[in-house]
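Computed from the coordinates by the stated procedures, all read-outs in this text should not be read as laboratory data. All figures in this text were calculated on a predicted structure; none of them were measured in a lab. Here the Cβ positions follow ideal geometry from the backbone for every residue, glycine too, while neighbour counts run over all protein chains shown.
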Amino acid sequence: MLRSLRMAATYPHVRVEGSPLERGRQYGEQARERVRASVDAYGEVFGHWAGWPWRRVTEEARRYEVPIAEFSPSYIDELRGIAEGSGVPFKDVLAINVRTEVMFSAKARQAAASRNGAEGRSRESEAAARPRSRDFPRGECSSFAVLPEASASGGTLVGQNWDWLPHSFDTVVVLEALRDDGPDFVTIVEAGLLAKTGLNSSGIGLATNALVTDADRGEPGVPYHVVLRAILDAETITDALAAMQRRPRASSAGYLIAHEDGLAVYVESAPGDFTNLHLVFPEQGVLLHTNHFISNEQPGRDVSIWAMPDSPFRLERLRSLTESAERPLSVETFTDVLCDHAGHPFGICSHRDLRVPEADQGATVVSVVMELDRRRVSIADGPPCEAEYRVVDYDAFLSKLPVVRAAESLA
């Protein structure tokens with residue numbers, strides 16, 4: 001069996017409740033060491049990928065504070081609470097929540113420099129325009145959704161392998177939030193960030209993939225991880241899409257949104273307003289995506305395959321394994337598929353590329369399969385080929401009725 005360089009322990013669970021500020025404080029207190037580890041790690045990451053010292057990073061991060069506050073003031077309150085609880089400056093917590101905007105805008109600038117160089121720019125000017133990063137860490141994310149008509153349980157499945165930098169093994173937490181102001185939710189996320197993949201008490205399930213276009217220039221807007229959180233705050237799949245349209249977004253990304261009712265959509269987005277959102281729907285009850293645009297109307301120039309050239313091979317492998325699997329499709333179908341190593345080390349189950357420096361390596365940090373109707377999550381705390389999936393039952397925890405349904409039940 002192929003092995004990574006680290007056997008992952010069980011990621012800690014952090015449970016919070018109350019107002020946004022209070023939830024943030026509890027989050028920061030319980031995950032203090034992991035929040036601090038995340039800030040320290042990204043200090044090195046930003047220096048490597050963007051060529052920026054931490055002071056420059058926090059100055060740039062401040063440009064996103066107003067767009068976040070205009071989108072939802074409660075998110076600023078929560079970030080301040082995380083800072084207070086962890087004893088980390090607010091500017092540092094804000095900075096790690098815009099890490100995508102810093103890193104991927106650096107990659108877009110590098111792509112532009114390479115393209116301009118091919119069109120005749122001198123080697124000297126091209127080198128001056130390029131960030132210090134040599135390459136992007138191979139392997140990002142492979143995601144899926146299965147609708148009830150194709151599911152062995154008759155429910156909606158959604159999940160992914162999340163592939164990222166190795167320091168994340170020491171920063172991931174399972175955040176469980178009881179809210180006064182919306183649906184309760186569970187998200188598996190880097191400590192200090194607002195959200196990543198997860199599910200909520202209204203039946204929403206969320207997986208995600210990094211995308212990058214030549215429009216990713218780090219212009220202020222609603223950051224990627226704030227959009228993810230807004231989706232988990234939604235009561236319906238329509239509400240989730242509407243939240244993405246409410247304010248201009250700062251970066252490209254892919255959002256796989258599913259609902260226990262049997263709906264799913266993949267939203268490919270580029271920076272900007274609602275005109276830069278393009279929807280991909282399931283075929284024969286299955287929706288698959290990796291790290292490049294697949295819709296017919298791609299916004300801008302897609303840089304994703306240049307940045308992450310393993311993406312098309314992972315997508316084709318996902319399709320091949322899913323199409324050849326026994327029908328109907330089950331949780332076990334995907335816990336097997338997500339362990340696949342074709343194309344190693346850049347497979348669906350991703351491992352470090354030992355040919356490159358550690359800062360350029362990536363690996364599967366967590367693997368997740370969610371059963372939305374049962375509110376049940378199968379989690380592999382590390383590469384799923386070596387970390388056995390554990391099943392967490394959130395049926396009782398995520399039992400709050402959505403506002404609309406609660407009102408109907410009282411009528």
Over the chain, what is the relative contact order in whole percent, taking alpha-carbon pairs under 8 Å and six or more residues apart?
19 percent
How high is the FRET efficiency from THR236 to ASN296, r the C-beta distance, R0 25 Å, rounded to 0.05?
0.45
Once amide hydrogens are built 1.01 Å from N within the peptide plane, the residues lying 5 or more places from ALA387 or on another chain with amide H under 5 Å from its amide H are none
Taking the chain and counting helices only, DSSP H stretches of n ≥ 4 at -39,500 (n - 2.57) each over all residues, the nearest-500 ellipticity at 222 nm comes to -10500 deg cm²/dmol
Rank ALA240, ALA325, ALA83 by mean-square fluctuation in a GNM of the chain with C-alpha springs under 10 angstrom and give only the top-ranked residue.
ALA325
Give the order of ILE96, ILE68 when sorted by the count of other beta carbons within 10 angstrom, beginning with the fewest.
ILE68, ILE96
Sorted by Cβ density within 10 Å, fewest first, the residues VAL102, VAL66
VAL66, VAL102
Within the stretch 243-273, whose backbone N sits under 18 Å from a point 7 Å along Cα→Cβ of VAL403?
243-247
Rounded to whole Hz and in sequence order, give me ³J(HN,Hα) for the stretch 338-352 from the Karplus expression 6.51 cos²θ - 1.76 cosθ + 1.60, θ = phi - 60°, writing x for Gly and Pro.
6, 8, 5, 10, 4, x, 2, x, 9, x, 4, 8, 8, 10, 4
Enumerate the whole-percent occupancy of each 5 Å bin, from 0 to the last occupied one, for all C-alpha pair distances of the stretch 292-394.
2, 11, 17, 19, 19, 15, 10, 4, 1
Grab the beta carbon distance between GLU149 and ARG56, set R0 = 51 Å, and tell me the FRET efficiency rounded to 0.05.
0.50
Computed Rg/Rh of the stretch 13-104, alpha carbon atoms with Kirkwood Rh:
0.98
Within the under-13-Å Cβ sphere about ASP184, not counting ASP184, Lys/Arg +1 and Asp/Glu -1 give a net charge of -2
Return an integer: the convex hull volume of the alpha-carbon atoms of the chain, in Å³ per residue.
131 Å³
In whole Å, what are the Cα extents of the stretch 184-276 along the three principal axes, biggest one first?
35, 30, 19
Pop a pseudo-label 7 angstrom from the Cα along the beta-carbon direction at both GLN284 and ASP336 and give the gap in nm to one decimal.
1.7 nm
Could you list PHE281, PHE274, PHE346 in order of exposure, starting from the residue whose Cβ has the fewest other Cβ atoms within 10 Å?
PHE281, PHE274, PHE346
Give me the distance between the Cα centres of the stretch 26-48 and the stretch 370-393, rounded to whole Å.
25 Å
Trypsin sites (Lys or Arg not before Pro) within the stretch 283-375: DSSP coil, no more than 11 neighbouring Cβ in 10 Å
ARG355
